1. What pairs come up if the first residue lies in the range 130-153 and is within 30 Å of residue 168 (Cβ to Cβ) and without any contact (Cβ under 8 Å) to a residue 12 or more places away in the chain, the second is within 14 Å of the ligand (Cβ to nearest atom) and in a loop (DSSP other than H, G, I, E, B), and their beta carbons are under 8 Å apart, counting only those six or more places apart or on different chains?
2. Answer yes if at least one residue in the range 119-141 is farther than 20 Å from residue 44 by Cα, within 16 Å of the ligand (Cβ to nearest atom) and buried (at least 16 other Cβ atoms within 10 Å of the Cβ), and no otherwise.
3. When you look at residue 114, is it more than 16 Å from the ligand (Cβ to nearest atom), among the β-branched types (Val, Ile, Thr), in contact with a Gly (Cβ under 7 Å, 6 or more places away or on another chain) and modelled with pLDDT of 95 or more, yes or no?
4. With the condition kept exactly as written, say whether any residue in the range 145-156 is farther than 25 Å from residue 15 by Cα, away from the ligand (no atom under 16 Å from the Cβ) and in contact with a strand residue (DSSP E or B) (Cβ under 6 Å, 6 or more places away or on another chain).
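The values are calculated or read from the model by the stated rules, or taken from the named source; none is laboratory data. Owing to the predicted nature of the structure, the values given are computational and were not obtained by experimental measurement. Neighbour counts are summed over all protein chains in view; Cβ atoms, including those assigned to glycine, are modelled from backbone coordinates with ideal geometry.
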Amino acid sequence: MKVFKEQQMQLSQHRELRVLRQQIFDNLGYRYTASRTLGHVRQVMVVVPFSKANFRGLFLQQVSLPVCQELLEEKPLENCFGGRAITVPAENMGEVDAILGDNWDVRTFDTNTVCRVVRAEGLRISWGYKKREMFSHRDCPRCNWAEDSGDARPEVCSPAVSYMVGEPELHFTFTRRRGHWVTGLM
Ligand SMILES: [Zn+2]
């Protein structure tokens, strides 16, 4: 490889946005192809720690969708996973560019391969405190069943559940595609 010129990319002042961009960049690698029928297209979800203040100030305030306005007015703001996720259509991708900075959606390589976010597919953004569950079978009747007890073994487990709620996180889902360099790309 012969490098023509080397320079550092300018990134956002926001630490959480820098981490998000770093994760997106890493997920725009192309070692594997998920599906033969779709070619080199794959949906990817990036998960990063993200504060409520930054989610509100960056995504809810800067993306002009009705759902963002509704969530801004919600006090307190509840988890926005699943059915409450924000679907950003292709028309609003310019607003995401303004948040994440130039070229957040493209990764180029030392060959002429280019991996990029499929902008026409839009994005899904969700946020909240994820509940992580642990299941203990220590006192589970099925797992503690003894053959000589005379009782029938329960069909299903009944474990005790404990859960962990950690740091708030942002889930950023996009579709990526591999292609080739075209003149004027960056
Ligand atoms: Zn069990």
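1. So the pair list comes out empty.
2. yes
3. no
4. Taking every residue of the range 145-156 in turn, none turns out to be farther than 25 Å from residue 15 by Cα, away from the ligand (no atom under 16 Å from the Cβ) and in contact with a strand residue (DSSP E or B) (Cβ under 6 Å, 6 or more places away or on another chain).
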